[in-house]
Every structure is written in structure tokens, then in C-alpha cells.
Amino acid sequence: MTISGILRASLVSALAMAAAGQAIAETTVITAARMLDVEKGAMVDRPTIVVTDGRISAIAVRGEAPAVVPADAKKVDLGDVTLLPGLIDMHVHLTGLAEIGGYQSLKYTDSFWGAVSVGNALKTLRAGFTSVRNVGAANFQDVGLKEAIDGGWVPGPRITPAGYALGATGGHCDNNALPPSYDRKEPSVVNSPQEARAKVRWLHKYGAEVIKICATGGVFSLGDSVGGQQLSYEEMKAIADEAHMLHMRVASHAHGDEGIKAAILAGIDTIEHCSLASDEAMKLAIQHKTWFDMDIYNDDYILATGTANGTEQESLDKEKAIGLKQRQTFQRAVKMGVQMLFGTDAGVYPHGDNARQFAKMVEWGMTPIQAIRAATTSAAQALDRSDDVGVLAIGHYGDIVAVKGDPLTDVRTLEHPVAVLKGGVPVAMR
């Protein structure tokens with residue numbers, strides 16, 4: 001059977017069986033010219049990967065015969081390509097569209113965003129990102145999308161959903177773009193440590209698996225300072241304590257230095273954006289083993305599109321003020337040894353272009369293997385999913401990306417995967 005035939009048959013079979021509530025009990029044997037061992041940073045020749053029931057059951061290299069393989073196992077020979085673990089984007093908004101910004105979004109009904117998230121999920125998966133952390137969505141739309149994907153109803157990556165992102169009244173996670181006559185208290189708003197604890201429990205109750213907070217102002221919120229702190233240390237600590245008690249991690253949107261430092265000291269696990277972080281904040285991050293998750297590609301898209309997609313001039317001015325500073329902060333953080341993750345803020349730029357950030361990470365100080373680890377082993381660790389994703393190893397999901405060439409010498413090869421498999425099932429072939 002041709003590769004395109006395998007792809008069609010696998011997708012039809014997987015979706016039909018999952019929709020019928022049946023377990024997918026299949027074995028697939030994947031072969032290729034090379035495999036990148038992301039932990040060692042070295043290439044392995046002629047790998048054979050056996051995936052059974054969605055997880056890797058055997059790996060053999062250099063022509064060795066793997067463990068016993070069923071006679072009816074599907075065989076996928078990808079040829080002269082390099083295999084990597086499925087990539088992980090730690091900061092996406094699958095229910096958002098970069099093409100619709102500012103007040104333009106008010107033209108669409110609420111359910112529109114859940115509908116377009118299905119297409120965004122497929123674009124993300126086909127781009128090689130088999131796992132994502134969705135850090136903020138209204139109406140628990142990301143939880144619903146995860147349920148639809150996990151149930152086999154629609155294709156998409158493995159999602160760690162946050163539901164609503166929590167913030168202060170009038171802050172980055174509140175709707176402050178409308179006049180008082182339209183005022184309503186957003187479900188995301190907290191105004192005390194007690195409210196913050198209760199909101200964490202509410203999010204957990206309805207399916208959130210990570211908590212997202214807005215510690216400072218932002219680029220796309222109107223009327224606030226992009227770097228100004230908006231949640232108190234006490235509120236952030238209450239959120240972190242409650243989430244950790246429930247075995248959940250916490251991510252904090254934070255551009256400004258004071259908000260970053262307060263979030264680190266409060267016990268927040270990952271800091272998003274980190275645009276204006278000082279050396280002191282970086283030292284705190286190293287001391288507390290806090291991850292930085294910096295979206296340093298999307299500045300190109302924001303500045304190139306300007307106000308054409310509805311972005312307000314105020315937001316564009318904020319981006320002009322901090323875009324370069326954020327990249328310089330990223331460079332300093334890498335040099336200082338801060339733990340770094342791969343997070344793009346997809347939805348601020350078009351979904352499916354996630355891998356374009358790898359080249360920016362290398363341009364601003366990382367080696368290719370550091371950038372790749374940020375989207376594999378490090379991301380898996382920050383998700384508490386090191387036993388499932390992030391490496392190609394026995395027991396892990398058979399989530400695989402294939403690229404032409406060597407990503408250790410040209411990281412841009414990751415922008416054009418020639419094959420993507422999720423749980424051993426081909427979902428994209430070129």
C-alpha cells in the first residue's frame with residue numbers, strides 16, 4: 001500500500017473504531033534512515049519503531065530485528081528522513097484566530113470560536129505538534145475540544161486545557177474593551193486570595209488540567225500597562241497552593257519584571273512571555289526551578305500585519321515597545337541558564353506555523369538541540385508527562401515527526417514535516 005493509502009486507511013479505521021468506543025488494538029512498524037535521540041543530541045541510524053495500541057513497544061537500530069512483531073502489522077517506511085518525538089507547544093490558543101483581532105471578534109457568535117478550534121487543532125497536528133498546552137479559552141471550549149479529540153470524533157493534538165485564564169478586574173484576563181453599560185463580571189475575574197482559591201477549584205471541577213493566570217498587563221488588552229502587575233503576590237500564592245494541592249501546574253502570563261518576580265516567589269511553575277525580566281528575576285527562576293516560556297516568533301507576524309486584521313493601534317504600539325526587548329531578554333535568559341520551554345502563543349499568529357519559532361530561538365542564542373529539547377524533553381517535564389511524551393522510548397506514545405535532512409544543522413527543517421504520526425497512526429504525509 002502507498003503511504004497516502006496507509007494514511008487514508010489509518011485515519012478512517014482509527015476514527016471509526018474510536019467513535020464506536022472500541023480500543024484500537026493495532027501494531028505499526030515505522031522505519032526510516034535516521035532518528036534523533038533528543039536526550040543525547042545524537043543521530044541513530046536506521047531505526048525501526050514498533051507501536052502497539054498507540055505506544056512504542058520496541059525500538060531497534062542499524063538493521064537489528066525488533067521484538068516479535070505480528071504478521072499483520074502495518075508497515076510504514078518513511079525512507080530518507082529523520083524521525084523525532086512529536087513536538088510540544090506549551091502556549092497555544094486553539095480557540096483563537098490571528099486573522100480576526102480587536103473589535104472584529106465581536107461580529108461572531110460565541111460558539112464560532114469552538115467551531116474554528118477544530119480546524120486549528122488539525123493544522124497544529126499536521127505541523128508536527130502532537131501535544132499542546134492550551135492556556136486560556138472561554139466557556140471551557142478547550143476542554144470540549146480535548147474530549148472530542150480523545151474520543152476520536154475529530155483529529156488533533158493531545159491537549160492540556162486551562163479553561164478560563166484567571167486575572168484581576170480590568171486586567172489582561174478581563175474584558176475591558178467595552179463601556180460600563182455592557183459591564184459584566186467575567187468568570188475569569190478574582191479579587192482576593194479567597195476568590196482565587198475558589199476559582200481554581202471551579203476550573204478543576206469542569207476539566208481544567210492546568211491553571212493560567214494573568215499577573216501583568218498585556219499587548220492585546222486595552223487601557224493597561226503591558227508590564228504593570230495586576231494580581232497581588234497573595235492572590236498568586238493562593239492560586240499556586242490550591243492548584244498544587246490538586247496536582248495541577250500553574251502558568252502565568254507576565255511581561256513586567258515585578259509581576260514575574262512575584263509569580264516566581266508565589267510558586268508559579270511557568271512564566272509566559274517574560275518580556276521585561278531582569279537578571280534578578282532570572283536568578284530567582286534558576287533558584288526556584290521556574291520555567292520561562294517565551295513566544296519570540298510572533299512579533300514578526302504582529303508587526304507585519306499591523307492593524308489589517310483588526311488589531312488596535314494601542315496594541316500594535318505595545319508590541320513595538322516590547323518585541324525586541326523580549327528577544328534580548330530571551331538571549332540573556334539562555335546565557336544565564338534559565339530553564340526554557342517552547343511556547344508560541346499560536347492564535348496570535350496563524351495556527352500551523354508553530355515551528356517557525358525554532359529558527360528564532362537559534363537566532364537569539366540557543367543551539368538547535370536546545371531549541372528542540374524545549375519542545376520535547378523539557379516541555380514533557382513541565383507538563384508532568386515525561387512518561388508519555390517528549391522522547392521516542394518504549395512505553396511512550398508513538399507520536400513521531402519526520403523531516404528531510406538534519407535538524408541539528410538546519411532547524412528550519414522542522415517547519416516542513418514530511419510525515420506526522422500520533423499514537424503510531426499517520427495523520428499527515430507529504
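The values are calculated or read from the model by the stated rules, or taken from the named source; none is laboratory data. Keep in mind the model is a prediction, meaning the values are calculated, not measured. Cβ: placed from backbone, ideal geometry, glycine included. Neighbour counts: every protein chain shown. These accessible areas exclude ligands, DNA and RNA; they are computed on the full protein's heavy atoms, side chains included. Shrake-Rupley method; radii C 1.70, N 1.55, O 1.52, S 1.80 Å.
For the reader, a short list of remarks on this structure follows.
- Mean residue ellipticity (222 nm) of the chain, computed from DSSP H runs ≥ 4 via -39,500 (n - 2.57), nearest 500: -10500 deg cm²/dmol
- Residue pairs, from the table 212/335; 212/318; 199/360, whose Cα atoms sit over 25 Å apart: 212/335; 199/360
- P(r) of the stretch 330-430 over all Cα-Cα pairs, binned every 10 Å from zero, in whole percent: 15, 42, 37, 6, 0
- Accessible surface, 1.4 Å probe, highest first, among residues 133, 332, 385: 332, 385, 133
- For the chain, taking a cut-off of 4.7 Å between Cβ atoms, the unpaired cysteines are 274.
- For the chain, the longest principal axis of the Cα atoms and the long axis of helix 3-19 meet at an angle of about 60 degrees.
- Size descriptors for the stretch 307-350 (Cα atoms only): Rg and Dmax, in that order, 13.4, 38 Å.
- Calculated from backbone phi, Karplus (6.51, -1.76, 1.60) coupling profile of the stretch 80-95 in Hz, x at Gly/Pro: 7, 9, 10, 8, 9, x, x, 7, 10, 9, 8, 8, 10, 10, 5, 8
- Compared with the dominant principal axis of the Cα atoms in the chain, helix 233-245 is inclined by about 30°.
- Close amide H partners of residue 34, meaning residues 5 or more places away or on another chain with modelled amide H under 5 Å apart, are 46, 81, 83.
- The relative contact order of the stretch 278-430 comes to 19 percent, based on Cα pairs under 8 Å that sit 6 or more residues apart.
- In degrees, nearest ten, helix 141-150 long axis to first principal axis of the chain (Cα): 10 degrees
- Inter-site label distance for residue 404 and residue 44 at 7 Å from Cα along Cβ, in nm: 2.6 nm
- Accessible area per residue for the chain, computed on protein heavy atoms with a 1.4 Å probe, is 40 Å².
- Which of 71, 192, 157, positive extreme of dipole for the chain (C-beta unit charges): 71
- By the Stokes-Einstein formula, at 0.890 mPa s and 25 °C, the chain with its Kirkwood radius over alpha-carbon pairs has D equal to 112 µm²/s.
- Accessible surface of the chain, 1.4 Å probe, proportion on carbon and sulfur as whole %: 53 percent
- Highest GNM mean-square fluctuation among 396, 247, 91, for the chain modelled with Cα contacts below 10 Å: 247.
- Residues with amide H under 5 Å from that of residue 186, placed H, sequence gap 5 or more: 175
- The magnitude of the dipole of the chain, with charges of +1 and -1 set on the Cβ of Lys/Arg and Asp/Glu and taken from the Cα centre, is near 660 debye.
- Within a Gaussian network of the chain (alpha carbon springs, distance under 10 Å), most fluctuating of 141, 104, 339: 104
- Extreme residue, positive dipole direction of the chain, given options 101, 181, 369 (C-beta unit charges): 369
- Computed about the Cα centre, the dipole magnitude for the stretch 285-430 is approximately 400 debye when only Lys and Arg (+1) and Asp and Glu (-1) carry charge, each at its Cβ.
- Residue 336 versus residue 105: modelled label distance in nm, points set 7 Å from Cα along the beta carbon direction: 3.1 nm
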